[in-house]
1. Suppose the filter is farther than 30 Å from S395 by Cα, in contact (Cβ under 8 Å) with a residue 12 or more places away in the chain, open to solvent by less than 80 Å² (accessible area, probe 1.4 Å) and part of a helix (DSSP H, G or I); does W23 pass it?
2. Give S201, S234, S209 a once-over and let me know the one that is surrounded by 24 or more Cβ atoms within 10 Å (Cβ to Cβ) and not β-branched (V, I, T).
3. Failed condition for G104, given (1) outside any helix (DSSP H, G or I); (2) open to solvent by 60 Å² or more (accessible area, probe 1.4 Å), with all others met?
4. For the subset of segment 30-78 comprising residues that are of a type in the set (S, T, N, Q) and surrounded by 15 or more Cβ atoms within 10 Å (Cβ to Cβ), which member is farthest from the chain's Cα centre (by Cα)?
5. For A177, state whether it is at pLDDT 95 or above, part of a helix (DSSP H, G or I) and either among the aromatic types (F, W, Y) or open to solvent by less than 10 Å² (accessible area, probe 1.4 Å) (or both).
6. Those residues that are under 19 Å from F240 (Cβ atoms), touching a Phe, Trp or Tyr at 6+ places or on another chain (Cβ under 9 Å), in the same structural domain as S396 (by the TED database) and not hydrophobic (A, V, I, L, M, F, W, C), I need them from segment 324-372; list them, please.
7. Run G239 past the list (1) surrounded by 19 or more Cβ atoms within 10 Å (Cβ to Cβ); (2) touching a residue at least 60 places away in the same chain (Cβ under 8 Å); (3) over 20 Å from E159 (Cβ atoms) and report the number of the one that doesn't hold.
8. For segment 409-428, how many residues meet the condition of being surrounded by 20 or more Cβ atoms within 10 Å (Cβ to Cβ) and among the hydroxyl-bearing types (S, T, Y)?
Amino acid sequence: MKMLSTKATCNSHGQDSSYFLGWEAYEKNPFDEASNPKGIIQMGLAENQLSFDLLESWLTKNPDAASFKRDGQSIFRELALFQDYHGLPAFKKALVEFMAEIRGNKVTFEANNIVLTAGATSANETLMFCLAEAGDAFLLPTPYYPGFDRDLKWRTGVEIVPIHCTSSNGFQVTQPALEQAYKEAEARNLRVKGVLVTNPSNPLGTTMSRHELDLVFDFITSKGIHLISDEIYSGTVFGFPGFVSAMEVLRERSSQEEEVWKRVHIVYSLSKDLGLPGFRVGAIYSNDDMVVAAATKMSSFGLVSSQTQYLLSAMLSDKKFTRNYISENQKRLKQRQKMLVSGLEKAGINCLDSNAGLFCWVDMRHLLESDTFESELELWKKIVYEVGLNISPGSSCHCSQPGWFRVCFANMSESTLKLAIRRLKSFVAELRSAASPNAQSQLNNDNKFCKNVKKNIFTKWVFRLSVQEANRKLQHER
């Protein structure tokens, strides 16, 4: 008799992806400046550790929030017994106001339309359960976050069909790519229930243009399907052209497309913008009352603790703090991204132009031995095990072109990032040095060939002159 379920024994979790295998390698040999300076540096983890001092400073100045007090009186018992899965009203209010502030207050959010979840992972999976059946499909632009293979598919049975984007236009979404993905789903007898975009993009570190968003909105309108906009990096935008939320586009187009109003859903989290992944705070925002009701019931499987909600409601309600934090955090992200990009450029490696996120999309196609994903994985293994840097290969993000890698920069100290850049620079120099004998041999052969060509040309030139001189003399003699 089979002792375990199919779900427990299946291999659809995605744990064998190179994305997760790199983490395993790091965990076996983690870099530490003092105890293990030759260990693997973790550059595959999109964490924001650049502004912890701002959070800690706020906690020092507001001891009541951290010690669960209100007006100096303990409310520990009240919080410990609170278990309403609708969430603390004060926190939901503070969260939607923070979401609006990040978006420049161009849009507002209703607290009644938000569902709290244990992180964005739970939010995305819950939406899959609400919007699709097992065997239905969602279309996702490539490259996309490797964890989506787990978050969207593993327990729900929903399929992912890629919208193939390429480097030819900076990996932007196009109408032909959308239509091709839809046709591919149909060819596989999959019913398409929606499109899921990550804006800003993980792993690209770019925001979607208004043109791309309009294309996506036109597409979901014509097909009568949903749009999920995962906007967990919306507060990390540090450069032009800025961030446009799907909700902003929806509000501007709602007079023409009222039927779309209930089919656009936002996923948000405090893991990236506030750098609190361990607090497990995520959210679903939807204008569909049925989705909100169903997701709220499902949230009982992954609630946010009342203690966490109380602490963060106090923090996010401090507008002076949030205004300063958003501005300073974006400034620090911009400086750190610039450090990585300039360091890689000195090593002869370029990055996709980016304006958001905690990572860069790095172009190492010129370091591949061949234009194949096998060659990409071989290069990745060398970088992980020989260079000591855990980065994420593009194939783990379902990139359609080999040679691209996601490299994180905000989860380490400045000195560690500089060390990582030095390691990679030395590795590239070694690759060039190893290739130089062949290159020199080829150069010698080329030089020899050129000399022979020149010799032959000179000989023919002399011969022509001799013939011309002889003819001239002969004509003169005649």
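The values are calculated or read from the model by the stated rules, or taken from the named source; none is laboratory data. Computed from a prediction, not measured in an experiment: that's the story for all the values here. Cβ: placed from backbone, ideal geometry, glycine included. Neighbour counts: every protein chain shown. For the accessible areas, the whole protein counts, side chains as well, though only heavy atoms, and no ligand, DNA or RNA atoms are used. Shrake-Rupley method; radii C 1.70, N 1.55, O 1.52, S 1.80 Å.
1. No, not satisfied.
2. The unique qualifying residue is S201.
3. (2)
4. Checking each candidate, the answer is N62.
5. Taking the combined requirement at face value, the residue does not satisfy it.
6. The answer is S354, N355, G357.
7. (1)
8. Count: 0.
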